[in-house]
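The values are calculated or read from the model by the stated rules, or taken from the named source; none is laboratory data. For clarity, every value in this text was computed on a predicted model and none was experimentally measured. Here the Cβ positions follow ideal geometry from the backbone for every residue, glycine too, while neighbour counts run over all protein chains shown. Side chains included, ligands, DNA and RNA excluded: accessible areas come from the protein's heavy atoms. Shrake-Rupley method; radii C 1.70, N 1.55, O 1.52, S 1.80 Å.
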Amino acid sequence: MGELIAVLSGKGGTGKTSLCAGIAEALALQGEKVLCIDCDVGLRNLDIALGISQIGALSFQDVCSGQYGLESATRHPVYPTISFLTAPLNCPVENVDLVAFSQMLEVARSRFSYVLLDAPAGIDAGFRLAAQFADRLILVAGADPASLRDASRAADVLEEMGKTNARMIINRVNPKMMTAMGVTVDDMMDQSGLPLLGVVPEDENVIMAAVSRQPLLGYTKKGATAACRRIAKRIQGHSVPVKL
Ligand SMILES: Nc1ncnc2c1ncn2[C@@H]1O[C@H](COP(=O)(O)OP(=O)(O)O)[C@@H](O)[C@H]1O
Ligand SMILES: [Mg+2]
């Protein structure tokens, strides 16, 4: 049975969508079958991060409604083991039928090794939609104290939901600045109180890949790509050292 993984944060713009795409691509390169679901109703953009914005895609609502099966989900042209469902444009998240949504996820679990749910910003309905059925929770935070505190708050909300296995990815880390400030990754873990799944450097290729409508892992092999590949291996259960 596959695993449902929610990619979350409290704060917006921490890199959830970019990392969700990068990790999905890295898992695909490891031979895994991955379904990516954009849960950011209203502000969907996982298609851009995956480099497939030019291809029309069904929404998860199209599948939840029973109109289409999961086999109709868009296949990634570069990574054929990635399937993709976008977020519906005109269905407020409060109106999503949770029974149908969880049933869709159960079917997805039987067909894919990993289902990645890209959450919207905030800790309200969209956060809960992505988190509540997930087996594994990833909180994406920036390296700054405000973002780390936000991740800690989001982890509290998850705990209230009975989810206690959240792990954090610290994104957009600038190693030179960290050295200059005398801050270590351990300090960041202490500030958030969360175990670490990975560290991703600040890397302009993340933006450049999106601008040139290409998947990150096809665009570059270093920096954020290498970090996503290490994270994917950890998700698969391999022991890979954390490095900047
Ligand atoms: N590691 C990184 N290095 C540089 N830019 C990044 C990195 N991660 C994300 N970004 C950029 O930050 C912005 C917000 O990222 P996004 O993935 O949309 O965040 P979220 O989904 O959390 O709102 C985007 O412009 C994206 O290209
Ligand atoms: Mg996003």
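For LYS11, list long-range residues whose amide hydrogen, built 1.01 Å from N in the peptide plane, is under 5 Å from its own amide hydrogen.
Result for LYS11 returns GLY122.
Where Lys and Arg each count +1 and Asp and Glu each count -1, what net charge lies around ILE52 among other residues with Cβ under 13 Å from its Cβ?
0
With every protein chain kept in the model, how would you rank SER110, SER102 by accessible area, 1.4 Å probe, largest at the top? List each step's numbers first, then the result.
Values: SER110 75, SER102 30 Å².
Ranking SER110, SER102 by accessible area, largest first, yields SER110, SER102.
If DNA, RNA and ligands are ignored and the probe is 1.4 Å, what is the ranking of SER65, SER53, SER147 by accessible area, most exposed first?
These residues rank, largest area first, as SER65, SER53, SER147.
Nearest-5 percent of antiparallel DSSP beta bridges in the chain?
Working: 2 of 31 bridges.
Beta bridges within the chain, antiparallel portion: roughly 5 percent.
Taking all protein chains as present, what is the carbon and sulfur share of the accessible area of the chain, in % to the nearest whole number, probe 1.4 Å?
Working: 5440 of 10720 Å².
Exposed carbon and sulfur together represent 51 percent of the surface.
Could you list which residues have their amide H under 5 Å from that of VAL78, counting only those 5 or more apart in sequence or on another chain, with H placed in the peptide plane?
For VAL78, whose amide H was placed from the backbone, there are no distant partners under 5 Å.
In the structure displayed, which of LYS16/LYS163; LYS33/LYS176; LYS221/LYS243; LYS16/LYS243 lie more than 25 Å apart, Cα to Cα?
LYS33/LYS176, as the Cα separations exceed 25 Å there.
Using a cut-off of 10 Å between beta-carbons, work out the net charge of the residues near PRO175 (Lys and Arg +1, Asp and Glu -1, PRO175 not included). Walk me through the numbers on the way to the answer.
Working: positive: LYS176, LYS243; negative: GLU202.
It works out to a net charge of +1.
Residue by residue through the stretch 125-136, what is 3J(HN,Hα) from phi via Karplus (6.51 cos²θ - 1.76 cosθ + 1.60, θ = phi - 60°)? Round to whole Hz and write x for glycine and proline.
Listing the rounded values in order: 4, x, 4, 5, 4, 5, 8, 5, 9, 6, 7, 9 Hz.
Go ahead and estimate [θ] at 222 nm for the chain from helices alone: -39,500 (n - 2.57) per DSSP H run with n ≥ 4, summed, over the residue count, rounded to 500.
Working: 11 runs with 100 residues, N = 244.
So the helix-based figure for the chain works out to -11500 deg cm²/dmol.
Multiplying the sequence separation of ALA125 and GLU106 by 0.36 nm and subtracting their Cα-Cα distance, what value in nm do you get?
4.8 nm
From the P(r) of the chain, can you give the percent of Cα pairs sitting at distances over 31 Å?
In whole percent, the long-distance tail amounts to 16.
Which log10 I(q)/I(0) values does the stretch 165-244 give at q = 0.12, 0.15, 0.23, 0.25 Å⁻¹ under the Debye formula, counting every alpha carbon as one identical point scatterer?
Relative scattering, expressed as log10 I(q)/I(0), comes to -0.38, -0.58, -1.12, -1.21.
Hey, got the Cα dimensions of the stretch 60-148 along the principal axes, in Å, largest first?
44, 33, 24
Which residues' amide hydrogens lie under 5 Å from the amide hydrogen of LEU35, considering only partners 5 or more residues apart or on another chain, with H built in the peptide plane?
SER83, TYR114, VAL115, LEU116
Heavy-atom accessible area per residue, the stretch 3-235, 1.4 Å probe: how many Å²?
Dividing the accessible area of the stretch 3-235 by its residue count gives 42 Å².
All other residues with a Cβ under 14 Å from the Cβ of ARG234 taken together, and with Lys, Arg as +1 and Asp, Glu as -1, what is their net charge?
+4
On alpha-carbon atoms, Rg over Rh for the stretch 105-228 using Kirkwood Rh?
0.99
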